[in-house]
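Structure, as structure tokens:
Computed from the coordinates by the stated procedures, all read-outs in this text should not be read as laboratory data. These numbers were taken from a predicted model, which means no experiment stands behind them. Methodologically, a virtual Cβ is constructed for each residue, glycine included, from the backbone with ideal geometry; neighbour enumeration extends over all protein chains shown.
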Amino acid sequence: NNTMTKNLKVLVSSNDFPASGLKVLEEHFTVVQTKYLNFGEEGRTLAKEDLLKLIPGSSALVWLSHHPISKELLDRAGPQLKLVATVSAGYNHCNLDELKARGIKLSNTPNVLASAVAEIAVGLMLGAARRFTENLDQVHKGDWEIGFDKVLGQDIRGSTVGIIGLGGIGQAVVKRLAGFEVSKFVYTGHREKPEAKALGAEFVTQDQLLAQSDFIVLAVPLTNETKHMINKDTLGKMKSNAIVINVGRGDLVDQEALYDALKNKQIYAAGLDVTTPEPLPKDHKLLTLPNLFVLPHIGSATVRTRSDMAVLAANNVVNALTGKPLLTPVNL
Ligand SMILES: O=CC(=O)O
């Protein structure tokens, strides 16, 4: 019943929240929106003041950035806060221990973004394998090599693709590569996935995956266990033509070690949609590498997917504040 909930305040941490999600929230609640919590220093300072002003009294936070859910923000919000609805699949920024201790629920937006993120993974595979960075540089310089002098890339056709984390996104990557004539899919994870059989993906150990794969796709959440899983040691186990793709979180990769491996041509290339930090400073040494293809964390950034994420987050808020189970809870 809308009149019962209309006095509840829901804070949306961006004025870019899709209209579809806003509509759901506004039917039930009083919605306040802050400026986007930009990662640039200036944006961050401005937005933080705005946020601290608007957050007190909120019953739910709809969280659109990867800005950490700090104790300070939770204190400021107040004891009536029932839910943090992060508009992302990842929730490494959500301070789970603190939410749990306070009895605040957490929801995320998995599944709805899997295909968009998987499309970017395929884009990164092509971009890294076909040397988009170097080749685009030639276009911008008006200095194209012609004929057989081209920078030569690697084929997806005939390759072994290793997926680290065959969850929703990993599975969507395999499905999207169905027409690419991949010779073999392998994957690792905590356990074998029932879906793997239909996808033709073979469960292997991490060492086997590292040793066999021509493409290594990281599609796992960032946890203490996965942090820097790509490091000097694991890079050392890869083939010299290996291409590392990351659509998870920047900290899955030890960037110093990746830089060295790419610089020394110990592996062939990498494609990253996520880095540490974000944005990557424009004079960062990674950006000097011709064999690195970087995108600015756009995995889920399509009109349709962002709308789906917004509606899902909004419906989680509706459920949480009307005593119904969350649609996509994160277990705390
Ligand atoms: O990075 C984006 C997400 O976790 O949804």
> What's the angle, to the nearest 10 degrees (0 to 90), between helix 19-28's Cα axis and the longest principal axis of the chain?
Replying inline: 20
> Going by alpha carbons, how many degrees (0 to 90, nearest 10) lie between the helix axis of 114-129 and the longest principal axis of the chain?
Replying inline: 30
> Among 137-144, 257-264, what's the highest-first ranking by average C-beta atoms within 10 angstrom per residue?
Replying inline: 257-264, 137-144
>> Output wanted: per-residue J couplings in Hz (rounded whole) for segment 279-289, from phi through Karplus 6.51 cos²θ - 1.76 cosθ + 1.60, θ = phi - 60°, x for Gly and Pro.
In response: x, 6, x, 5, 9, 5, 5, 4, 6, 8, 8
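How would PHE293, PHE17 line up from fewest to most surrounding beta-carbon atoms within 10 angstrom?
Numbers: PHE293 26, PHE17 22.
Least to most surrounded, the residues fall as PHE17, PHE293.
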> How many percent of all Cα-Cα pairs in segment 116-184 sit more than 19 Å apart?
Replying inline: 42
> Summing -39500 (n - 2.57) over the DSSP H runs of n ≥ 4 in the chain and dividing by its residue number, what mean residue ellipticity at 222 nm do you reach, to the nearest 500 deg cm²/dmol?
Replying inline: -10500 deg cm²/dmol
> Between their Cα atoms, which of LYS193/LYS232; LYS35/LYS71; LYS237/LYS265; LYS6/LYS324; LYS35/LYS285 are more than 23 Å away from each other?
Replying inline: LYS193/LYS232; LYS35/LYS285
>> If packing is taken as the average count of other Cβ atoms within 10 Å, what order do 204-212, 55-63 fall into, highest mean first?
In response: 55-63, 204-212
> By per-residue mean of other Cβ atoms within 10 Å, what is the highest-first order of 244-251, 23-30, 191-198?
Replying inline: 244-251, 23-30, 191-198
>> Taking the 0 to 90 degree range and rounding to the nearest ten, how far is the long axis of helix 132-141 tilted relative to the main principal axis of the chain, both from C-alpha atoms?
In response: 80
